[in-house]
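Q: Have a look at the structure that comes next, please.
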């Protein structure tokens, strides 16, 4: 394994599979593809920079006594506000046992009782205790540590660290390679192409398109953009989940106060010490995330402020939730003695590259898994702790599909005709403008005027972006989110339109969008046409 190799194309890379992304979905896919040759592309050292490692809650699985996959699927459907693919939700719930067994095999130390049996926690909108944790709030880090160690021990996996995907190479309607460039803040760099028999995008979410987010800086939505530019259909892009309890201490990204705290008895209060969720939803603090996020947003916008009161958890708080406790103490907050200030933050993108149950996109040669996709399992509002489950279930399915029918070799001259030079210095002012616009206009509460303003800003930034491929990719995904939100003239799940505050049963279906259609909607909303899109590689 060539860990840390950043420039030469790995020997015989074209014989195998390229997995772009080194979060849980990408690394699990690579492991499941063994012994096939796989090259994993990561902008940073594997095990870092992925949202998976930051997951505090856990992974949902119907394994406890009395629980069933059917009940898990039913809870998933209810949380998804009417547009979950029921067959997909059931498939995911039924395959949870096998994937948990895989994770245990890789050494994930899930919490157990004194008799060695797995223990299960409770989170919002789940009908029973079915969340597997690791030391309360360290599941993501523990899972990623185990999976990363397994990847480094697997001889069929080559890791390219310090490189980022900029584009896909499409020939005769099929993806046959990935355009890569070294990660970093430099003015010019040589791009190079990694040919591949199959490409798997597992690039994670899009939270860093927003100025307030729990996601790492690498979660910029670039995978959605490069897939859309290659012709892939994007589904449900308008549905961005805002976590209601990001810790509001001025950090970027915002640290997260896991939902498991509310499952353990923490309460939401305003600055007057009043609980406000009881008047909003029958499940109070354990209501659906979109409902809780909007309630927290309203309290903050009113000037009353919003706080998570963990004092009822008792003296075991530091031991039960060491990550949250440590973050709070670093900000001179003692969560055992005083409430934690919280605010909604962009957390998870339910939308993404449309894939089927095998992880196939609508473009030949391109598979995808994890948060970059839209499988239909989450609908308009992801059920807590289903994301890590989806990553491993569909990572395994992608690997199985590719293994069953290995695609043909790419052309031998692919690399030579696509090498080039591209500017990659991030335009920090434009990125700041984009993120602030997305938070203020395409955030927890939306309306037509705000969305039109956001699209006008995005189109203007596109005209000014020059040859910055990172910014171009961010703007593309932002446009897909904003145009989808503009086109859905109702409120459903994570999409709340103040000008259309009620759900419309005529729109109780998933949304599907191409980049060309997004350009048309943006033009209709703003009266301004988008500029020609930057392409690093011409398609043939």
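Q: Using helices alone, I'd like the mean residue ellipticity at 222 nm for the chain: each DSSP H run of four-plus residues gives -39500 (n - 2.57), total over residue count, nearest 500.
A: -10000 deg cm²/dmol
Q: While we're looking at this one, here's another question. For 355, 170, which order do you get if you count the other beta carbons within 10 Å of each Cβ and list the fewest first?
A: Lowest to highest Cβ neighbour count: 170, 355.
Q: While we're on this one: Antiparallel DSSP bridges in the chain: what percent, to the nearest 5?
A: 65
Q: Please state the Cα pair-distance histogram of region 423-526 with 5 angstrom bins from zero: what percent is in each bin?
A: Going out from 0 Å in 5 Å bins, region 423-526 shows 2, 13, 24, 22, 19, 10, 5, 3, 1, 0 percent.
Q: Can you tell me, using C-alpha contacts under 8 Å and at least 6 residues apart, the relative contact order of region 243-344 as a whole percent?
A: 36 percent.
Q: Over region 229-281, what is the relative contact order in percent, taking alpha-carbon pairs closer than 8 angstrom and at least six residues apart? Provide the component values of the computation, followed by the final result.
A: Numbers: 21 pairs, mean separation 8.9, N = 53.
With pairs under 8 Å counted, the relative contact order is 17 percent.
Q: What percent does the relative contact order of the chain come to when contacts are Cα pairs within less than 8 Å and at least six residues apart?
A: Reported relative contact order: 21 percent.
Q: D for the chain, whole µm²/s, Stokes-Einstein with Kirkwood Rh over alpha-carbon pairs at 25 °C and 0.890 mPa s: what number?
A: Stokes-Einstein gives a translational diffusion coefficient of 106 µm²/s.
Q: Further question: If you project the alpha carbons of region 50-162 onto the principal axes, what extent comes out on each, in Å, largest first?
A: Cα spread of region 50-162 along its principal axes, largest to smallest: 41, 38, 23 Å.
Q: Got a sec? How would 126, 349, 281 order by Cβ neighbour count within 10 Å, fewest to most? Show your work: numbers first, answer last.
A: Values: 126 25, 349 30, 281 15.
Least crowded to most crowded, the residues run 281, 126, 349.
Q: Now for a separate question. Can you sort 474, 404 by how many other beta carbons sit within 10 Å, fewest first?
A: Ranking 474, 404 by Cβ neighbours within 10 Å, fewest first, gives 404, 474.
A short reminder: the numbers here are calculations on the coordinates, not readings from a lab. All of these numbers come straight from a predicted model, not from anything done at the bench. Don't worry about glycine lacking a Cβ; one is built from the backbone with ideal geometry, like all the others, and counts go over all protein chains shown.
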